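Encoded as C-alpha cells, the structure appears first; notes follow it.
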Amino acid sequence: MMESLFYMAGFVAFTATVLSLSRTNATHALIYLIISLLAVAVMFYLMGAPFAAALEIVVYAGAIMVLFVFVIMMLNLGQAGEQRERQWLAPRIWIVPTLLALILLVEMALAITQISGTTSGVEVTPKEVGLTLFGPYLLAVEIASMLLLAGLVGAYHLGRRSIDRSRQS
Amino acid sequence: MNLAAMQGLLPLLVLGLGAAVLMLQISIRRQLGWSYAITVATLLLGAAAMEPAMQVAPLQVTPLLRVDNLGLFFGSLFCLSGAVTAVISRDYLRSREGENEEYFLLLLLSTLGAVILAYSTHVAALLLGLELLSVALYALIAYPERGTLPLEAAIKYLVLSGAASATLLFGFALIYAALGSLEYAEIAVQISAGRAATSPALILMGAAMVFAGLGFKLSVVPFHMWTPDVYEGAPAPISGFLAGVSKGAVFIAVLRWFLESGFFQYSSLLAGITLLSIASILVGNLLALLQTNVKRILAYSSIAHLGYLLIVLVAAGVSPEPGLAVEAGGYYVVAYVITTLAAFSLLGLISRQSGDREYDQLSDLAGLFWKQPGLAALFTVALLSLAGIPLTAGFIGKFYLISAGVDAALWGLLAALVIGSAIGIFYYLRIIYTMTTVGEQANPGTTADMLVGSRLVVYLLIFAMLYLGIVPEPLMGYLRTIL
Amino acid sequence: MLDFLWLIPLLPLASAALLMVTAGSLPRPLIAACGAGSVGLAALCVLLTGLSWAHDPVPRQMELWTWMQVGTLRPTIGFYLDGLTLVMMSVITGVGFLIHLYSTEFMEEDESLSRYFAYMNLFVAAMLILVMADNLLFLYLGWEGVGLCSYLLVGFWYRDPVNGAAARKAFVVTRIGDTAMALGLLLLFTELGTLDIQQLAELAQGKWQPGDTTIVLATALLLGGAVGKSAQLPLHTWLPDAMAGPTPVSALIHAATMVTAGVYLIARNHELFLLAPPTLLAVAVLGLLTLLLAAFTALNQHDIKRILAYSTISQIGYMFLGLGVGAWSAGIFHLVTHAFFKALLFLAAGAVIHCLHHEHNIFRMGGLRTRLPVAFWSFLIGSAALAALPFTSGFYSKDQILLAAYQWPQIGPWLWAGGLLGALLTAIYSFRLVFIVFFGEAQTEPDRQPGWRMALPLSILCVASIVGGWISLPLAEALPATQSGHPAAAVEWISIAIPVIGVSLAYLIFLGRQLDLSALVNSGLGQRLHQFWYSGWRMDALYNWLWVRPYQFTARLLKDEPVDLAYNGVVHTSVALHHLLSNLQTGRMRWYASTMVGGLIVLLAVLARAG
Amino acid sequence: MPGLQVPLEHVLMMAAALFIAGLVGLMVRRNIIFILMSLEVMLNASALAFVAAGAHWGQADGQIIFMLILTVAAAEVSVGLGLVLLLQRRFKTLDMDNANRLRD
C-alpha cells in the first residue's frame, strides 16, 4: 500500500513535470510544477524525511513558486504570447534535444542500476536534522546566510531598476 | 568553535564582518567613497589575516573547511585580486551613473565565496562557496544601468551556471549514494576500503557529472560556449574577476577534491580530463585566432589556459610523485590570476570614461602606445605573459607545467600545449602590434586622470608579472613548502 | 666588497633602465651625468673589488641566486671571480668610463642623447655579465646582449638607411657565429650535463683525451662564435661597416671590448681548448691569416675609421695567434694594451672628425699637427703603440706573442715570420695615417677644439698606452703559463727592428717622398692590387656571390613553392577551423545548453569504458 | 512513523528522469520563465537524489544538503527573476533567442 503510494507519487511527479515544461501558458505550467513538487514532498515523507517534506512544501512550493507567480502577474503575459509559444514547441524543435537527453538518461540508467540496496526505512527526525545542522554543519548555515544576502542584494538592485523605470514611463 | 578555530577562520570572519559593516553603511548613508574604502580595507585585511591563521594551520574546522597553507595562501591571493578588481572598478564606475554602492558589497561577497572554495573539504562547503561566488556575480555582470549586453550576459551565465550546479549536485548525490559520505577525506577512506568496488560505474558517472559542472565554471571545452559572451557583456573589471578569481578558486577547489578524495586512481577519469584538456587548448586558441573583440580574445585565451592547467590534474594522477605537478599547478594559478587581472584591468581602465560602451574592440587599442604608454606597457607585459614569453610569470608557469608533463610522460598533452602556444603567440602579438600602430579611429584619448589607486595597481601588476618571471624561485620555494 | 659584486653590472643596468623609462624627459646634463656616472661608479667598484681581491687572490665562485628549481633542473645565476675576470672588468669599466666621459661632449648636440646613453650603459652591463658569468648559459646571455647593443648602436643614426644596413649586416654575420656557439653549448651540455665553466673543465678532462672528436667539434663550434664576435676570418666583414655608428661606440664596442669577447671566450675555456689541439692550431692559423689580410687592406683605405677598423681586426688576429700558440697571458695582455691604444686612436679620430665637420677621408685632412695638438699627440702615441715601437705598451704585448709563436713547435717559425710581416705592415699603415692626417698641407680647417671632457680621457689613455706595458696582470692563477725559454738574441732584435723599419718606410713614402711608389701604384698590376685590397680582398663580393645571391635565388624559387605550401596549409587549416568553431558561437543559449549536454554524453561515454 | 523501504535505484532513476526532463526544458524552451522553471526542476531532482541517498544511509546529511539546495535555488531564482523583469523591459520580449547580440 505504502509502496504503491510511493510509486504513484513518483509517477505524478514526473508527469506533472513533463506537463509543466511543455505548457504554453506560464500559469498552468506553474501549477503543474507545484503539483510535481508536492508529489516529491510525498516521496520525501515516505522515505523517512518528514522535515525535508515539510520544507519542500513550505519553501519550494510555497515561497519560490510564489515568486514565479508574482513575476508572471507583473509581466502580464497575454494570448499572443501563448500563440507564439505553441509555434516554438513544434516537434522539429524538441526532437533532437529530447533524443540527446534520452541518450544521457540511458547512460545514467546503466550506472544507476548497478547500485543495490534500499532506503533504510529509518526515519531521520527533524530533531536529528537540527542537531546535525547546528553541529557539524554550523558553518554551512553561516555561509548560507551570506548566500541569501547576495541573492537579496542582487535581486534588490536589479528589481529596483525595473520598478523605477516603469514608474517613470 | 574554539579560539583556535576562530583564529584559523579569521580571513573568513574579516570578510563576513566587512560585508555586514558595508551593508550597514549603505543602509545608513549612501556614499560611494566610504563603500569603496570599506571594501578595499576589508579585502586587504582579509589577505593579511592569513598570517595569524597560519599559526594554527593545519586545522580542520568542522568537516566543512580546512585551514591549511594551501587554502590560506590562495585565499589571500583571491582577496588581493578582489582588492585589485575593486580599485579598477572605482575608476571604471566614475563615468557610470547610478547607485554603485551595492557593487562593492557584491564584490566582497563574491570574494568570500572564492575564499571558501579554497578552504573547502566537503561537498556542502564546495556548493555554498561556488554559489556565493556565482550568485553575487550574476548581479555584478548585470550591474550597469544602461545597455542590453550586460543583461544578456547575466541571464546566460545564470541559467547555464545553474544547470551546471545542478549537474554537479546530481553527481555528488550519486557518489553519496554509493559511498555514504560527503567529506572528501571520508570519501577517500571509503574508496580505499573497497566500498567503491560494488558500483564503480556509479562513482565514475558521479565524478564525471561533478567534473562537468566544475568544468563549466572553468570553461573547459565543451562546456565553454558561454565564456566569450559573458566576458564581453560584463563590465570589464568583473570579466577580469570572473576569468581570474572565479576560475582560480574553482581550480583550487578541483585540485583539493582530486587530491583528497582519491579520485586519481580512476584512469578513465584521467583519460576524460586529457580529452577535455586537449580540446580546450586547441579550440580555445583557434577561436581566438581572428577574433577582433579583445574581451572575446581574452575569453578564448582563458579557455586555452585552463586547458593547460588541466595537464596538472592528469600529471598529478599519472605520476607516482604528484608533488611537482601540484607545485606547477599552484604556480600556474598564481601567474594566470595575476596576468588575467592585469589584462582586464587595462580594458577597465581605458573604458573609464567611455560612457555606455566599452573600448573592447581591437581597433580601439590602435595607437595606445603613444597615447597612454603606461597602460600599453601593462597590457604588453600581460600579453607576453599569457603567450609565455621568457622573463614573464607566464613563461615560468608554462615551463613548470611542461616539466611536470615531461615528468609524467604526457606527450600528447604536451604536443597540444606546444601547438596551442604557437597559435597563441600569433594573436597575442597581433594585439601588441595594433597598439603600436597609429590609429585613425576615435580612441581613448584621456590620459593622466587615473586615480592614484589605479596607478598603483598598474605598477604593482607590472612588477608582479615581471618579478615572478625573473625571480620565480621564492614563490616556487614557498609553494614547495606548503603543497 | 666581494659581496657586492652584483652591484657592478647592476649600476649601468639600472641607469640604462632609468634612461629608457624616462625616454629623454630628463634634463640633458642629468642624462649625461647618469650615463657616465653609473659607469664611473662601476669602475670605482671594480677598483675596490681589485683591492680586496689583492689581499686574498683566490678564484671564487659566487652563486647569486637560483633562477628556479623545477624538478632536477636548477639554473643558477652566479659570478666567477679570478684574475682574468678582474682584468676584463677593469678594462670594460675603466676604458668604458673614459669613453662615456668623452661621449658627454662628443654627443652633446645629438637629439637622442638619452637613447645613446641608455644603449651604452646597457652594453656595459651586458659586457660585464659576459665576463663575470660563472656558466656558459649566463655568459651567452651577456654575449647576445652585447650583440643587441652593438646592433642598436651601429644603427644609432637610423634615419640614414646605410647605417641601418650596416647594423643589420653586423647582426646577421655575428649571428652565424652565435648559432655555432649555441650548438657548441648544447653539445657540451648533452655530453657533460652542465654549463658551469669550472665544472666543464673538470669533467672534460676526465672524459676526453686530447684530440677526441667530440671535444674538437665542441671547441670548434665555440671558436665559430668567437670568430663571429671578434671579426676574424671568415666572419670579419661586418666590422668595417659597423663604423657607421658614432665614433665613441666604435671605440668602446668595436675596438676595446666587445670584439675581444671571442678572445676572452677562448681564454676562459682554455682547459677545453687544450684538449683539442687541432682547434688551437686553427685558432693560430686563422689569427695569422686575419692579421695579414686586414693589414694589407688597412694599407689601402682612405676612411680614417675604416683604417682603424681593419687595424682592429688585425690586432685581434694577433691575440688569436697568441692564444693559438699557447701564449694565453700574452693574448690577454695584448687585449688590454690594445684596448688602451685602440680606444685612444678611435677617440682621437673622433676628435678629428668632430672638429672637422664630420670629415672621414684622410686625404682631405692634413697639417692638423698644429691645429689640433691634442688629437695629434694622442694619435702619435696611439700609433706608436699600435706599431709596437719599443717602450710602448703594444711593443711588450706583441713581442710576447711573437716570441711564443717562434717557440711553437713545427710551424712556429712560419707563424712568427707571418706575424713579423704583419707588424711591418702595421707600422707602415699606422704611420701612413699619422703622416697624411697631421703633416703636410692643411686641407680643411677645424672649426673648434676639443673641450676638457674629450681631452682628459685622451690624456689618460695616452699615459695608459705607454705605461700599460709595464703593469703585470694577475693572470698567473687563471691561465696556464707560456712555455718559457729564451730564443736567440737575433730574434729579439728583429722584433724590435721591424716596427722601426716600418715607420721609416712610411716616412720615406708618405712624408719625405724619397721613395716614390707612384709608378708602381699606377701600373696596371698595382692598380688592380690596390682595388683588390681596398675592397678588403673582395670578401664582401665573394660572400655576396657565394651566399647572398644563392640564398635570394632559393628564396625566390621557394616563394610560392612546396615548402610554403605546407606552412600555408597549416595557416589555412587553422583559419578554416577558426571559422568553423566561430560559427558555433551563435549566441543562443539553447544551443549552448545542448552542447553542454553533448559534452556530458561524450564524457560519460569515455568514462564508461572502465565501468 | 518508520520510513518506507524502496530500492535505491528506483528513486535515483526517478531523480534522473526528473533531471533529464529539466534538461530537455532547458534545451527546448525559448521563454525565459520556462527556462528558469527547468532549472528549478533540475535542482529539485538533485535534491531528491540527495534525500534518497541520505535515507539509504540513514543519515541526516542528505536532508541538510537538500536544505542548502533550497537556499541556492531561492537565491538563484530571486536574482533570475530580477533579470527577467529587466529583460522584459529592455527587449520587450521573454524570448531568449532574441537575446543573442553577444556572439562571434
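The values are calculated or read from the model by the stated rules, or taken from the named source; none is laboratory data. Since the structure is predicted, the reported quantities are computational estimates derived from the model, not experimental observations. Don't worry about glycine lacking a Cβ; one is built from the backbone with ideal geometry, like all the others, and counts go over all protein chains shown. Accessible surface is based on the protein model in full, side chains and every heavy atom, while ligands, DNA and RNA are left aside. Shrake-Rupley method; radii C 1.70, N 1.55, O 1.52, S 1.80 Å.
When you scan the range A:70-83, do you find a residue that is more than 30 Å from A:L148 (Cα to Cα), among the charged types (D, E, K, R), more than 7 Å from chain D (Cβ to nearest Cβ) and open to solvent by 40 Å² or more (accessible area, probe 1.4 Å), even just one?
no
Filtering the range A:126-157 down to residues that are surrounded by fewer than 24 Cβ atoms within 10 Å (Cβ to Cβ) and not in a helix (DSSP H, G or I), which residue is nearest to the other protein chains (Cβ to nearest Cβ)?
The selected residue is A:P136.
Is there a residue being aromatic (F, W, Y), buried (at least 24 other Cβ atoms within 10 Å of the Cβ) and assigned to a helix (DSSP H, G or I) anywhere in the range B:341-350?
Taking every residue of the range B:341-350 in turn, at least one turns out to be aromatic (F, W, Y), buried (at least 24 other Cβ atoms within 10 Å of the Cβ) and assigned to a helix (DSSP H, G or I).
Of a type in the set (V, I, T), open to solvent by less than 10 Å² (accessible area, probe 1.4 Å) and away from chain C (no Cβ under 11 Å): is that true of D:I69 in this structure?
yes
Among the listed residues B:A164, B:A188, identify the single one that is under 30 Å from B:E260 (Cβ atoms) and open to solvent by 10 Å² or more (accessible area, probe 1.4 Å).
Going through B:A164, B:A188 in turn, just one is under 30 Å from B:E260 (Cβ atoms) and open to solvent by 10 Å² or more (accessible area, probe 1.4 Å): B:A188.
What are the residue pairs meeting all of these: first residue in the range B:466-483, first residue over 17 Å from B:M54 (Cβ atoms), second residue part of a helix (DSSP H, G or I) and open to solvent by 30 Å² or more (accessible area, probe 1.4 Å), Cβ atoms under 7 Å, and 6 or more apart or on different chains?
So the pair list comes out as B:G469/B:F395.
Please enumerate the residues belonging to the range C:139-158 that are assigned to a loop (DSSP other than H, G, I, E, B) and among the small types (G, A, S).
Within the range C:139-158, just C:G155 meets the criteria.
Considering only the range C:193-228, state which residues are farther than 22 Å from C:V263 by Cα and among the aliphatic types (A, V, I, L, M).
Once the filter is applied, which keeps residues that are farther than 22 Å from C:V263 by Cα and among the aliphatic types (A, V, I, L, M), the range C:193-228 yields only C:L203.
Among the residues of the range D:29-38, is there at least one that is part of a helix (DSSP H, G or I) and without any contact (Cβ under 8 Å) to a residue 12 or more places away in the chain?
Yes, the range D:29-38 contains a residue that is part of a helix (DSSP H, G or I) and without any contact (Cβ under 8 Å) to a residue 12 or more places away in the chain.
Tally the residues that are closer than 21 Å to D:L8 by Cα, out of contact with any Pro (no Cβ under 7 Å at 6 or more places or on another chain) and either at pLDDT 90 or above or not aliphatic (A, V, I, L, M) (or both), restricting the search to the range A:103-123.
Residues flagged as closer than 21 Å to D:L8 by Cα, out of contact with any Pro (no Cβ under 7 Å at 6 or more places or on another chain) and either at pLDDT 90 or above or not aliphatic (A, V, I, L, M) (or both) within the range A:103-123 amount to 12.
Every residue in the range C:187-214 that is small (G, A, S) and under 20 Å from C:P277 (Cβ atoms), please.
C:A201, C:A204, C:G206, C:G211
Take C:A330 and tell me if it is within 15 Å of C:K305 (Cβ to Cβ), assigned to a helix (DSSP H, G or I) and in the same structural domain as C:G394 (by TED's automatic domain parsing).
Judged against the criteria, C:A330 is not a match.
Condition check ((1) open to solvent by less than 10 Å² (accessible area, probe 1.4 Å); (2) of a type outside the set (G, A, S); (3) farther than 26 Å from B:S345 by Cβ; (4) touching a residue at least 40 places away in the same chain (Cβ under 8 Å)) across all residues:
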residue	(1), (2), (3), (4)
B:F172	yes, yes, yes, yes
B:S199	yes, no, yes, no
B:L204	yes, yes, yes, yes
B:T227	yes, yes, no, yes
B:V245	yes, yes, no, yes
B:A249	yes, no, no, yes
B:I273	yes, yes, yes, yes
B:A279	no, no, yes, yes
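Kindly establish whether B:L310 is of a type outside the set (F, W, Y) and in contact (Cβ under 8 Å) with a residue 60 or more places away in the chain.
For B:L310, the condition - of a type outside the set (F, W, Y) and in contact (Cβ under 8 Å) with a residue 60 or more places away in the chain - is met.
Out of all the residues in the range A:162-169, is one or more outside any helix (DSSP H, G or I) and either touching a strand residue (DSSP E or B) at 6+ places or on another chain (Cβ under 8 Å) or without any contact (Cβ under 8 Å) to a residue 60 or more places away in the chain (or both)?
Yes, the range A:162-169 has at least one match.
Residues that are closer than 28 Å to B:P144 by Cα and open to solvent by less than 10 Å² (accessible area, probe 1.4 Å), at least 3 per element: which helices (runs of 4 or more DSSP H) completely within the range B:1-116 meet that?
Answer list for the range B:1-116: B:10-28, B:32-48, B:69-93.
Among the numbered conditions (1) within 14 Å of chain A (Cβ to nearest Cβ); (2) at pLDDT 90 or above, tell me where B:E97 comes up short.
It fails just one condition, (2).
Say we look at the range D:29-44 and pick out the residues that are more than 8 Å from chain B (Cβ to nearest Cβ) and aliphatic (A, V, I, L, M); which of these is surrounded by the most Cβ atoms within 10 Å (Cβ to Cβ)?
Going through the qualifying residues, I end up with D:V41.
Which one of the conditions (1) without any contact (Cβ under 8 Å) to a residue 40 or more places away in the chain; (2) out of contact with any Leu (no Cβ under 8 Å at 6 or more places or on another chain); (3) facing chain D (nearest Cβ under 7 Å) does A:I34 fail to meet, given that it meets all the rest?
(3)
Every residue in the range A:108-124 that is at the interface with chain D (Cβ under 7 Å from one of its Cβ atoms) and open to solvent by less than 30 Å² (accessible area, probe 1.4 Å), please.
Selection gives A:M108, A:A109, A:I112, A:I115, A:T119, A:G121, A:V124.
So, in the range A:1-21, how many residues would count as being surrounded by 16 or more Cβ atoms within 10 Å (Cβ to Cβ) and more than 8 Å from chain D (Cβ to nearest Cβ)?
Residues that pass the stated criteria total 4.
Quick one: in the range B:372-391, of everything that is open to solvent by less than 40 Å² (accessible area, probe 1.4 Å) and of a type in the set (V, I, T), which residue is farthest from the chain's Cα centre (by Cα)?
It comes out as B:T380.
Could we say that C:W545 is more than 14 Å from chain D (Cβ to nearest Cβ) and modelled with pLDDT under 75 here?
When the stated conditions are applied, C:W545 does not pass them.
Here's the yes/no breakdown for (1) open to solvent by 10 Å² or more (accessible area, probe 1.4 Å); (2) of a type in the set (V, I, T); (3) facing chain A (nearest Cβ under 7 Å):
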position: D:Q5; (1), (2), (3): yes, no, yes
position: D:L8; (1), (2), (3): no, no, yes
position: D:M13; (1), (2), (3): yes, no, yes
position: D:G22; (1), (2), (3): no, no, no
position: D:S46; (1), (2), (3): no, no, no
position: D:A53; (1), (2), (3): no, no, no
position: D:G62; (1), (2), (3): no, no, no
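When the residues of the range D:73-95 are filtered to those that are in a helix (DSSP H, G or I) and more than 7 Å from chain A (Cβ to nearest Cβ), which remaining residue is nearest to the chain's Cα centre (by Cα)?
Filtering first and then ranking leaves D:E76.
Is there a residue in the range C:118-127 that is open to solvent by less than 10 Å² (accessible area, probe 1.4 Å) and more than 24 Å from C:V21 (Cα to Cα)?
Taking every residue of the range C:118-127 in turn, none turns out to be open to solvent by less than 10 Å² (accessible area, probe 1.4 Å) and more than 24 Å from C:V21 (Cα to Cα).
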